[in-house]
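S.K.: My structure is below; once you've seen it, I'll send some questions.
The values are calculated or read from the model by the stated rules, or taken from the named source; none is laboratory data. Remember, predicted model here, so these are calculated numbers, not experimental data. Because the Cβ atoms are built from the backbone with ideal geometry, glycine has one as well, and the counts that use them run over all protein chains shown.
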Amino acid sequence: MSNQRSAEPIHEHHGHPMTNSHILVQEFEYVEPASLDEAVSLLVEYGGRAQLLAGGTNLLVQMKMERLAPDCVINVGHLPELSGVAPTDGGLRLGALTKIRALRNAPLVQAEYAALAEACAAFGSAQIQMMGTLGGNLCNGSPASDSVPALMAFDAQLRLVGPAGERTLPVEEFLLGPGQTALQDGEILVDVQLPRPRAGTGSAFIKISRVAADLAKASVAVVLVREGDRVVDCRLTFGSVGPTVLRARRAEAVLAGNPFSAELALEAGQIAAEEVLPIDDVRSTAWYRREVVKALTYDVLQAAWKRAEGDKGTRGQGDKETRGHGDKGTRDTEHGTRDTFRIAPEEECLIELTVNGVGYEIFVAPNELLLNVLRERLELTGTKYGCGVGECGACTVHIDGVPALACLTLAVAVDGSEILTVEGLASPDGELDPLQEAFIEQNAFQCGYCMPCMLMMTKSLFFDIPAPTEDDVRDYLKGNRCRCTGFASIVRAVMASVGEAE
Ligand SMILES: Cc1cc2nc3c(=O)[nH]c(=O)nc-3n(C[C@H](O)[C@H](O)[C@H](O)COP(=O)(O)OP(=O)(O)OC[C@H]3O[C@@H](n4cnc5c(N)ncnc54)[C@H](O)[C@@H]3O)c2cc1C
Ligand code: FES
Ligand code: FES
């Protein structure tokens, strides 16, 4: 790729004043390393002033909020060493770049690691699931990271590569506090190793949040091993109720070795509520969190106990046969062998995009967002700027067939991609997509900020879940944050289109 991308001095697209999250005001060097070793060397070279870019759903928000200001952004999203989901002799290997959506949909994860599949199903919006990676979820070090309670309950091991070589850490030792991990200078998380569950294992995850696509007020995961009527082993973990995801070891000890009963589950919940360390914050109060831990513990134990009865193939919540977006978005194999690409903050480079079937060559700066390229450079204003931080869905487009938020996507990172915007749904002669016709027929109208997202997500829904239920539709569209109306007519229009899409 790099040979075709000439870097030229930038003149007109720098120096925007930072007025809101519409643009990324910070300037930084942008690098796509050719190998994992090179990525490590770059981190060392920058000595803490560089940030890795995987899905960008956390990093770009932090940069827009001016909580992070890296001198260099190192895009590792194409490195094959960090990719893939594959069974191993001891269990399952999950590359750090594995998308949350791909995990949710992976049959092996659903069958053997139900708690993890459920955590991924409960994660943000469909768009965030399709962009966000497992590695990013672990490395941002948030106590609210949804994948982490399940990973800790399964005793996941993390493989880290850095200047001193390779080391493996249990996830429990990786998380040190809010936003703090055991990553040392220059270290990169390569993959997550999940041990194969013993016979008789059951697992479950439950999250409670203010609205469907929000971070957890509290979450819980359990992995227990059942022999007859007894719990012989148990790991019980909680998110969003402490400075980091934590284990309730006293509650685990009460369960292990004892016959399972409703009373035992209640007792474990009571003890877990004493063990957690919640705080008051914008999402909940410490009091509520402690109270809800009791109920969550009871429910999660009942669910895992039932699953441990025999059928390890129990599916996670909301899981069904899908074709699955998520893996597709990484484009790793295609780009696995490319050369290093490096562009300085004051430079811009030529990228090629196919947008709605039309090819463009555009010079972009490292900090230019796909949203700005589409709206301001190509004048495709159907893609909207709403929140600018991943929450409203108004900027949803398809990148190589996968929904993505253009407000959290660096244009330089999608060089060579095919982009579909709402303008591209109709045919060139103006004939509307059957989906658009169905929306009109059902009077499914929302404002100009909401409609593009609704249409782009529905278009993708029929690929992902060919025969969706109403619950699937609501779940898939939950990333559209309308502030003023209901979704009833939208859901009706989508359901009316099901037959036509098949
Ligand atoms: C609107 C919205 C809703 C969200 N909802 C949820 C939710 O419900 N649950 C939840 O858990 N999270 C949620 N998130 C947070 C975020 O989407 C996830 O944490 C996601 O998994 C981050 O992955 P990413 O690939 O986008 O990370 P990035 O933003 O690319 O990276 C995050 C951080 O990790 C570092 N990093 C990334 N990969 C590696 C690696 N391999 N080795 C070392 N360091 C690395 C980066 O340098 C960066 O500092 C939400 C975010 C938004 C914007
Ligand atoms: S503008 Fe991108 S999600 Fe709101
Ligand atoms: S219809 Fe768009 S915000 Fe409510």
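S.K.: Being surrounded by fewer than 17 Cβ atoms within 10 Å (Cβ to Cβ) and in contact (Cβ under 8 Å) with a residue 60 or more places away in the chain: is that true of P243 here?
M.R.: Against the criterion (surrounded by fewer than 17 Cβ atoms within 10 Å (Cβ to Cβ) and in contact (Cβ under 8 Å) with a residue 60 or more places away in the chain), P243 qualifies.
S.K.: Restricting to the range 408-456, count the residues that are out of contact with any His (no Cβ under 7 Å at 6 or more places or on another chain), within 16 Å of ligand 3 (Cβ to nearest atom) and in contact (Cβ under 8 Å) with a residue 60 or more places away in the chain.
M.R.: Number of matching residues: 4.
S.K.: Considering only residues that are touching a residue at least 24 places away in the same chain (Cβ under 8 Å) and among the aliphatic types (A, V, I, L, M), look in the range 375-390 and name the one that is nearest to ligand 3 (Cβ to nearest atom).
M.R.: V389
S.K.: Shifting gears a bit: Tally up the residues in the range 465-486 that are over 19 Å from the mean Cα position of the chain (by Cα), within 16 Å of ligand 3 (Cβ to nearest atom) and not hydroxyl-bearing (S, T, Y), please.
M.R.: 4
S.K.: Okay, next question. Collect the residues in the range 63-105 that are of a type in the set (S, T, N, Q) and free of Cβ contacts under 8 Å to residues at least 60 places away in the same chain, keeping them in residue-number order.
M.R.: Selection gives nothing.
S.K.: Further question: The conditions are (1) within 16 Å of ligand 1 (Cβ to nearest atom); (2) out of contact with any helix residue (DSSP H, G or I) (no Cβ under 6 Å at 6 or more places or on another chain), and Y360 fails exactly one of them. Which is it?
M.R.: The single condition Y360 does not satisfy is (1).
S.K.: I need every pair where a residue in the range 289-309 that is at pLDDT 95 or above has its Cβ under 6 Å from the Cβ of a residue that is surrounded by fewer than 18 Cβ atoms within 10 Å (Cβ to Cβ) and of a type in the set (A, V, I, L, M), sequence separation at least 6 or different chains.
M.R.: Partner pairs satisfying both residue conditions: Y298/L266.
S.K.: Could you please let me know if R331 is at positive phi and at pLDDT below 70? Spell out how you get there, then give the answer.
M.R.: On the way: at positive phi: yes; at pLDDT below 70: yes.
Yes.
S.K.: Is at least one residue of the range 414-433 touching a Pro at 6+ places or on another chain (Cβ under 8 Å) and within 16 Å of ligand 2 (Cβ to nearest atom)?
M.R.: So far as the range 414-433 goes, yes, one or more of its residues are touching a Pro at 6+ places or on another chain (Cβ under 8 Å) and within 16 Å of ligand 2 (Cβ to nearest atom).
S.K.: How do the strands (runs of 3 or more DSSP E) wholly within the range 341-459 filter down when requiring 2 or more residues that are within 24 Å of E470 (Cβ to Cβ): which remain? Steps first, please.
M.R.: Working: elements: 341-343, 347-355, 358-364, 396-399, 402-405, 418-420.
Counting at least 2 such residues, we get 396-399, 402-405.
S.K.: If I go through the range 175-205 residue by residue, how many of them are within 18 Å of S142 (Cβ to Cβ) and either within 16 Å of ligand 2 (Cβ to nearest atom) or assigned to a strand (DSSP E or B) (or both)? Can you show your working first?
M.R.: Filtering the range 175-205 for residues within 18 Å of S142 (Cβ to Cβ) gives 175-183, 189, 192, 205.
Checking the rest, the ones that are also either within 16 Å of ligand 2 (Cβ to nearest atom) or assigned to a strand (DSSP E or B) (or both) come to 175-177, 180-181, 189, 192, 205.
Final tally of qualifying residues: 8.
S.K.: Can you confirm whether I490 is β-branched (V, I, T), buried (at least 18 other Cβ atoms within 10 Å of the Cβ), more than 24 Å from the chain's Cα centre (by Cα) and not assigned by TED's automatic domain parsing to the domain that holds P403?
M.R.: The answer is yes for I490.
S.K.: Which members of the range 252-284 meet the condition of being over 17 Å from A221 (Cβ atoms) and either polar (S, T, N, Q) or assigned to a helix (DSSP H, G or I) (or both)?
M.R.: Listed by number, the residues that qualify are A253, V254, N258, S261, A262, E263, L264, L266, E267, Q270, E274, S284.
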